[in-house]
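Undergrad: The structure under discussion is supplied below as structure tokens; questions concerning it will follow.
The values are calculated or read from the model by the stated rules, or taken from the named source; none is laboratory data. Bear in mind the structure is a predicted one, so any value in this text is a computation, not a measurement. We place every Cβ from the backbone using ideal geometry, glycine too, and count neighbours over all the protein chains shown. Accessible surface areas use protein heavy atoms only, side chains included; no ligands, DNA or RNA. Shrake-Rupley method; radii C 1.70, N 1.55, O 1.52, S 1.80 Å.
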Amino acid sequence: MEVTEAIAWIHKQLPFGIKPGLKRINMILDKLGNPQHQIKTIHVAGTNGKGSTTSFLSHILREDGYDVGTFTSPYIETFNERISLNHQPISDSDLVHLVERIKPLCEQIATTEVGHPTEFEIITAMAYLYFKEKEVDYAVVEVGLGGRLDSTNVITPILSIITSIGYDHIDILGNNLADIAYEKAGIIKSNTPIITGVSQQEAIQVIDQKAQTNHADVLKLGHDFHAEAKVTEHLVDVFDFANNSISLKDLKIQLLGSHQINNASVAIEAYLQLLEIENRPLDSDVIRSGLKKTQWSGRFEVVRHNPDVILDGAHNVEAIQSLIDTIKQKYDKSNVYILCSFLKTKPVEQMMSLFSEHFSQIHITTFDFKNNYEYYELKEKYENGNIIIKEDWKTAYNQLINQMKPSDALVITGSLYFVSEVKRTMF
């Protein structure tokens, strides 16, 4: 089997869609010898910040000399990114090996009453098998959707993280913060510490209740550990971190924005908890170096200068607000151009309204993906407003670059699938 065949087979499972529940993934893993129980895992849930927090934590752990597996979604440039070892995407040969192991098992399961495994269930099983075979020291596993019924939620982690709670996937997770928090809190396990950056009181109450039921300690940003932003450099943010035991000054990160300072702080607290669990001493230089090296594709990623071009997959209201805050910290808003594209499943009117409050040069466009807006649909929505509609994003990009001054900034944002297409095509 060639790698293109392997990836094509995985993607063929997409029509089976999202089928919440753990029966199918457990059946696959049982047939594989339950590799998920043979590795140390850290489970990461949250509306926003999962990928960045995973990257911060895995870079710190790697800097401390550990072999670290990461499972994330979606990918930006290549499918292999979703399963990585020490920040290197899985090799084509390893990916083919995993598909050849799992494909016949899925075909067997498809004949049972539970039905065919989904694409995400298959990739999740592949990740756990890969991490077990590579004998990783830690696997940092990002939830796909929600938490309670997510395919990744078949592990007994040594640590759990809930980064944030916001309004996303409300058709599946619920239309209020308490319901969404209930789904995210489904990753909390018995006597397993939980680190969280969640700030809303109604969501915190749900997390606290679930943790209390499971006799799990909860450590909260702003209560048990703290972050304070300092004067920042142009493309580096500086902050202080403190908890009841230690204080770290002038930490630097390349992922920009106050939300990334929060994500980094959650990762630091998670690492400190791991040291306590493993009874290991702290070397603060490990944290400093790990944070400084952390990069995460498609999160306020500057891919060109003079003018600056920034890629940011802000695909819900909370992420758009964080993006706007970060842009305003770094640039004069009169110099900022927005090029965006969203899926129909997102609250586009609300997000575009946020952009319109702050910027005058807003362009919305189409891209080739299921559930995306067609050009005529965008025209119906926005042709009488101050938002410029572009039929082809490549043409829009080239026109904007040609008219912009070196001091300007073009922010390309919206669906992560859109940001992924732009990066693969242009950068």
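Undergrad: So, of the residues in the stretch 152-164 that are open to solvent by 10 Å² or more (accessible area, probe 1.4 Å) and not hydroxyl-bearing (Ser, Thr, Tyr), which turns out to be farthest from VAL348 (Cα to Cα)?
TA: Among those that are open to solvent by 10 Å² or more (accessible area, probe 1.4 Å) and not hydroxyl-bearing (Ser, Thr, Tyr), it is ILE158.
Undergrad: Restricting the search to the stretch 129-146, which residues are closer than 10 Å to PRO35 by Cα and buried (at least 18 other Cβ atoms within 10 Å of the Cβ)?
TA: LEU129, TYR130, PHE131, LYS132
Undergrad: Which pairs do you get when a residue that is over 24 Å from THR294 (Cα atoms), found in the stretch 26-52, comes within reach of a residue that is open to solvent by 10 Å² or more (accessible area, probe 1.4 Å) and in a helix (DSSP H, G or I), reach meaning Cβ atoms under 7 angstrom, with the pair 6+ apart or on two chains?
TA: As it stands, the answer is ILE28/LEU105; LYS31/LEU105; PRO35/LYS132; GLN38/LYS132, since those pairs meet every condition given.
Yes/no per residue for (1) over 22 Å from the mean Cα position of the chain (by Cα); (2) more than 29 Å from ILE412 (Cα to Cα); (3) surrounded by fewer than 24 Cβ atoms within 10 Å (Cβ to Cβ); (4) of a type in the set (A, V, I, L, M):
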{"residue": "LEU14", "(1), (2), (3), (4)": "no, no, yes, yes"}
{"residue": "LYS31", "(1), (2), (3), (4)": "yes, yes, yes, no"}
{"residue": "LEU57", "(1), (2), (3), (4)": "no, no, no, yes"}
{"residue": "TYR75", "(1), (2), (3), (4)": "no, no, yes, no"}
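Undergrad: Here is a follow-up. Could you pull out the residue among LYS346, LYS405, LYS370 that is part of a loop (DSSP other than H, G, I, E, B), farther than 22 Å from HIS305 by Cβ and in contact (Cβ under 8 Å) with a residue 40 or more places away in the chain?
TA: After applying the criteria, what remains is LYS346.
Undergrad: Collect the residues in the stretch 323-343 that are assigned to a helix (DSSP H, G or I), under 22 Å from ILE261 (Cα atoms) and open to solvent by less than 80 Å² (accessible area, probe 1.4 Å), keeping them in residue-number order.
TA: Listed by number, the residues that qualify are LEU323, ILE324, ASP325, THR326, ILE327, LYS330.
Undergrad: Oh, and also: Given the conditions (1) assigned to a helix (DSSP H, G or I); (2) out of contact with any Ser or Thr (no Cβ under 9 Å at 6 or more places or on another chain); (3) of a type in the set (A, V, I, L, M), which single one is not true for ILE28?
TA: Only one criterion in (1) assigned to a helix (DSSP H, G or I); (2) out of contact with any Ser or Thr (no Cβ under 9 Å at 6 or more places or on another chain); (3) of a type in the set (A, V, I, L, M) is unmet by ILE28, namely (2).
Undergrad: So ASN175 clears everything in (1) at pLDDT below 95; (2) polar (S, T, N, Q); (3) in a helix (DSSP H, G or I) except one condition, right? Which one?
TA: (3)
Undergrad: Read through the list (1) under 30 Å from ASN86 (Cβ atoms); (2) touching a Lys or Arg at 6+ places or on another chain (Cβ under 8 Å), then give the number of the only condition that ILE327 fails.
TA: Condition not satisfied by ILE327: (1).
Undergrad: Specify which of the listed residues (VAL309, VAL302) is under 20 Å from VAL422 (Cα atoms), open to solvent by less than 30 Å² (accessible area, probe 1.4 Å) and touching a strand residue (DSSP E or B) at 6+ places or on another chain (Cβ under 7 Å).
TA: VAL309
Undergrad: I'd like the residue in the stretch 354-394 that is open to solvent by 40 Å² or more (accessible area, probe 1.4 Å), of a type in the set (Ser, Thr, Tyr) and under 23 Å from ASP408 (Cβ atoms) and, out of all such residues, is farthest from the chain's Cα centre (by Cα).
TA: This residue is SER360.
Undergrad: Could you please find all residues in the stretch 265-306 being within 21 Å of VAL198 (Cα to Cα) and more than 18 Å from the chain's Cα centre (by Cα)?
TA: Of everything in the stretch 265-306, those that are within 21 Å of VAL198 (Cα to Cα) and more than 18 Å from the chain's Cα centre (by Cα) turn out to be GLU269, TYR271, LEU272, GLN273, LEU274.
Undergrad: Restricted to the stretch 137-160, and to residues that are in contact with a Lys or Arg (Cβ under 8 Å, 6 or more places away or on another chain) and hydrophobic (A, V, I, L, M, F, W, C), which residue is farthest from VAL68 (Cα to Cα)?
TA: Restricting to residues being in contact with a Lys or Arg (Cβ under 8 Å, 6 or more places away or on another chain) and hydrophobic (A, V, I, L, M, F, W, C), the top hit is VAL143.
Undergrad: Now a separate question. Part of a loop (DSSP other than H, G, I, E, B) and open to solvent by 30 Å² or more (accessible area, probe 1.4 Å): which single residue out of HIS259, HIS215 fits that description?
TA: The conditions single out HIS215.
Undergrad: Here is a further query. Inspect all residues belonging to the stretch 108-120 and state whether any of them is out of contact with any His (no Cβ under 8 Å at 6 or more places or on another chain), open to solvent by less than 10 Å² (accessible area, probe 1.4 Å) and hydrophobic (A, V, I, L, M, F, W, C).
TA: No, the stretch 108-120 contains no residue that is out of contact with any His (no Cβ under 8 Å at 6 or more places or on another chain), open to solvent by less than 10 Å² (accessible area, probe 1.4 Å) and hydrophobic (A, V, I, L, M, F, W, C).
Undergrad: Between a residue in the stretch 234-246 that is surrounded by 12 or more Cβ atoms within 10 Å (Cβ to Cβ) and any residue that is in a strand (DSSP E or B) and among the polar types (S, T, N, Q), which pairs come within a Cβ distance under 8 Å, given they are 6 or more apart or on different chains?
TA: The qualifying pairs are ASP240/SER247; PHE241/SER247.
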